[in-house]
1. Only one residue in K185, K196 is of a type outside the set (F, W, Y), on the phi > 0 side of the Ramachandran plot and either touching an Asp or Glu at 6+ places or on another chain (Cβ under 8 Å) or surrounded by fewer than 14 Cβ atoms within 10 Å (Cβ to Cβ) (or both), so which one is that?
2. Looking only at residues that are without any contact (Cβ under 8 Å) to a residue 24 or more places away in the chain and farther than 17 Å from N165 by Cα in region 220-239, which one is farthest from the chain's Cα centre (by Cα)?
3. Could you check region 174-229 and list, in sequence order, the residues that are of a type in the set (S, T, Y) and in a strand (DSSP E or B)?
4. Name the one entry in F177, F158 that is at pLDDT 95 or above, aromatic (F, W, Y) and in contact with a helix residue (DSSP H, G or I) (Cβ under 8 Å, 6 or more places away or on another chain).
5. So, of the residues in region 47-87 that are aliphatic (A, V, I, L, M) and under 17 Å from the mean Cα position of the chain (by Cα), which turns out to be nearest to G135 (Cα to Cα)?
6. If Y69 meets every condition in (1) under 30 Å from R219 (Cα atoms); (2) hydroxyl-bearing (S, T, Y); (3) surrounded by fewer than 18 Cβ atoms within 10 Å (Cβ to Cβ) apart from one, which number is that one?
7. Tell me, which strands (runs of 3 or more DSSP E) wholly within region 1-95 include 2 or more residues that are among the hydroxyl-bearing types (S, T, Y)?
8. For region 102-126, name all the residues that are surrounded by fewer than 17 Cβ atoms within 10 Å (Cβ to Cβ) and either outside any loop (DSSP other than H, G, I, E, B) or modelled with pLDDT of 95 or more (or both).
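The values are calculated or read from the model by the stated rules, or taken from the named source; none is laboratory data. Quick caveat, the model's predicted, so the values are computed rather than measured. Cβ atoms come from the backbone with ideal geometry, glycine included; neighbour counts cover every protein chain shown.
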Amino acid sequence: MTDELPKNTQEFYQFAALSKYTRRERFLIRLADLVFFALISLIGKTVRVEIEGWENFEKIERGGKIPIYTFWHDRIFLGTYFFRKRGIMVMSSQSFDSEYTARVIQRFGYGTIKGSSTRGAVRALTKMIRLMRQGLPMGFTLDGPKGPRYVAKSGACFLAKKTGNPIMPFLLEPKSFWTIKSWDKMQIPKPFTRAKLFIAEPIYVSKEADDKEIENKRRELQSKLDELVAFGEQWRKFN
């Protein structure tokens with residue numbers, strides 16, 4: 001996959017150096033990386049996914065555009081596995097925990113850009129704009145990295161404005177799952193469960209959009225994802 005990447009982008013798909021961490025911290029990062037990679041791989045291989053709205057993804061490709069993947073943080077486990085090996089770039093927060101999570105997703109073929117809603121966000125978004133103009137897709141957990149849960153931030157809308165590429169909201173709903181006691185109530189699908197992928201109509205943002213229009217688009221994105229959550233709950237209830 002790295003051989004097909006645009007020039008000067010391979011660094012984003014490679015593990016960061018751990019020299020600033022203690023020996024114990026380096027051990028824990030590497031251990032967590034391998035454990036979570038194995039867990040996602042093993043469970044992901046057993047989940048049977050049906051898809052609704054794939055034509056919305058194809059519509060983006062037919063238009064010569066690149067999707068900006070957007071979803072809620074609690075669906076990151078199954079989303080990481082399903083959309084693996086597509087070269088998608090994601091923002092990785094600048095924290096100890098982010099070191100092993102970045103390594104996990106890089107093993108699945110994602111690239112990482114350091115930044116978050118509180119630290120380095122503008123610099124990271126600038127890099128995303130540059131890399132998307134080079135042809136790389138982007139991904140956003142819209143309520144990450146620490147919430148509030150199910151409240152969309154506007155970063156994806158700014159990226160859509162600057163690049164002309166559409167936002168693609170999606171939801172992966174497992175039929176049966178465990179819920180982690182974390183701020184996002186992360187879903188861990190149970191082995192051999194069924195799941196359904198819902199992909200909404202793409203959202204475009206004009207390059208002339210002002211702050212008011214950006215907020216309108218953020219609200220539209222929020223509404224689309226809220227609707228997908230409702231669709232997912234209905235599917236799980238009646239299937």
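1. Within the list K185, K196, the selection yields K185.
2. F238
3. T179 - this is the single residue of region 174-229 that is of a type in the set (S, T, Y) and in a strand (DSSP E or B).
4. Being at pLDDT 95 or above, aromatic (F, W, Y) and in contact with a helix residue (DSSP H, G or I) (Cβ under 8 Å, 6 or more places away or on another chain) holds for just one of F177, F158, which is F158.
5. Of everything passing the filter in region 47-87, I66 is nearest to G135 (Cα to Cα).
6. Of everything listed in (1) under 30 Å from R219 (Cα atoms); (2) hydroxyl-bearing (S, T, Y); (3) surrounded by fewer than 18 Cβ atoms within 10 Å (Cβ to Cβ), Y69 misses just condition (3).
7. Here the list reads 68-71.
8. Of everything in region 102-126, those that are surrounded by fewer than 17 Cβ atoms within 10 Å (Cβ to Cβ) and either outside any loop (DSSP other than H, G, I, E, B) or modelled with pLDDT of 95 or more (or both) turn out to be G109, A121, V122, R123, T126.
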